[in-house]
Amino acid sequence: MTHYSEEDLTLFFYGEGRRRGAVQLHIDSCPTCAALYQNIASTMKLIATPEAPERDERYGLEVWQRIRPILPVHPPSHSPWWAVNRLVLGGAVAALILAAFIAGRTWPQPQPPSRTPAAASSLASTDVSDRMRMVAISDHLEQSERLLLDFVNAGGQVVDVSNQQALASELIKTNRLYREAADGAGDVGIADVLDALERNLIEIAHGPSTLSLAEFNKTRMWLDASALLFKVRVLSDELHERELSSATTPRKDA
Amino acid sequence: MDATDRTAVLARARGGDGEAFRVLVEQHSRRVFQLAFRMTGNEHDAEDVVQESFLRAYRQLGRFEARANFGTWLYRIVANCAVDMLRAKRSRGDQMNPAGLEEQLLSAPTTGPNPERLAESAEIQRRVAAALGELSPVERAAFTLRHYEGRSIEEICSTLNLRTSAAKHSVFRAVKKLRVALGPLRMAAGTPEQP
């Protein structure tokens, strides 16, 4: 007789899973699965839903008074279509930035004797493209940070990191483009962190998808040793700061 | 407030009207706090999550689709804010402080008034709170949504932006860890132990 797994029975307990009728029939006729199901059900029944501390009708107003002084000054902006898939967008922006950077390097440029309106406009567009690059990298770092946190916080006797691997594979491509753009722009600090990040993303993506606890701890140790998470977080904060200050500082060349 | 009013308030809030956003905050705060408390297990952290969630919601209002349900959208933000808070605490090496949750769990009504029963219930809730504190942030979030909030795996996927297999595994791993942690209590209560 084939027994149901703990996972199947857990899902069954929560009213999930396919062929529920068949699972019920099996539990009714199989003492092993019935005992396991009983064990799961009795444990879960020990865990009662906690009642949150009471909040009265004025609570909403209190929350509003707390957040009101710290709400961003600018009203929420509409950013509908491109917000749909940040990974796809990240890749596209990275490719555009890299293309713009290469074009800028290879395109023959006349040296104007003085600053003309065209030069001013070119400066402005460089400024905008630089800002776009910072925003995109900051976004990328945020996603990478989440991935690394997910990875280091995984648990269990056998650690399944297949989801983190899939995301790491996607992030590698974007990371490479940003690193090349940062290298080209002479942003050594950014390029270094992205380089370290890329090596770790490759390790995660190409490693085994399930690890024993010992293997996992070893992997976690080299991640800790490289202080990558810390570096990513620091750079992410720094870019975010830059982003904020460039958004609030009036442009001198406008 | 009827549906037309709600739509109008949302439209105004999306246009940057602070007063309209205040109405939304007042309407949803209590529900947000309840979820935040269940997710974090701690009153103080829950308050931080409430505040951060509304700030995020305000910043992201432009991305909110007018036809969608604001409550569902906000719920997702709160759940993810709570996960971020738990992750941040973990990466700082903070111990989960189950005191708040424990306090509430202890105050839950018990079926028997005798002291032995109360002591047993207190021990159970203490273990539950401690075991919840040992779960990874995603496991805890997925478990809270499934066990306390009654959300389906599909809803958990969409709320936490997880794949189906990841959501299932998170719930499953949480249940498994809780079973291990609560095993001795279950045995004491007379339920047979499973190998």
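The values are calculated or read from the model by the stated rules, or taken from the named source; none is laboratory data. This is a predicted model, so every value here is computed, not measured. All Cβ positions, glycine included, derive from the backbone under ideal geometry; neighbour counts span all protein chains shown.
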Per-region count, region A:217-232, residues modelled with pLDDT of 80 or more and either surrounded by 14 or more Cβ atoms within 10 Å (Cβ to Cβ) or at positive phi (or both): 4
Subset tally (residues that are more than 12 Å from the chain's Cα centre (by Cα) and not small (Gly, Ala, Ser)) for region B:147-170: 10
Subset of region A:153-205 [farther than 30 Å from B:Arg179 by Cβ, surrounded by fewer than 19 Cβ atoms within 10 Å (Cβ to Cβ) and in contact (Cβ under 8 Å) with a residue 40 or more places away in the chain]: A:Glu170, A:Lys173, A:Glu180, A:Gly184, A:Ala185, A:Gly189, A:Ala205
Filter result for A:Thr174 (away from chain B (no Cβ under 14 Å), under 17 Å from the mean Cα position of the chain (by Cα) and not basic (Lys, Arg)): yes
Among the candidates A:Leu229, A:Leu211, A:Leu235, A:Leu197, residue that is touching a strand residue (DSSP E or B) at 6+ places or on another chain (Cβ under 6 Å) and either closer than 18 Å to A:Leu149 by Cα or not in a helix (DSSP H, G or I) (or both): A:Leu211
Residues within region A:1-34 that are assigned to a loop (DSSP other than H, G, I, E, B) and of a type in the set (Phe, Trp, Tyr), tallied: 2
Selection count, region A:32-56, where residues are facing chain B (nearest Cβ under 7 Å), small (Gly, Ala, Ser) and under 26 Å from A:Glu6 (Cα atoms): 3
Selection count, region B:51-93, where residues are among the aromatic types (Phe, Trp, Tyr), more than 14 Å from the chain's Cα centre (by Cα) and part of a helix (DSSP H, G or I): 4
Search result, residues across region B:122-153 that are assigned to a helix (DSSP H, G or I), within 9 Å of another protein chain (Cβ to nearest Cβ) and acidic (Asp, Glu): B:Glu134, B:Glu139
Matching residues in region A:128-153 - criterion: being more than 18 Å from A:Ile202 (Cα to Cα) and at the interface with chain B (Cβ under 9 Å from one of its Cβ atoms): A:Asn153
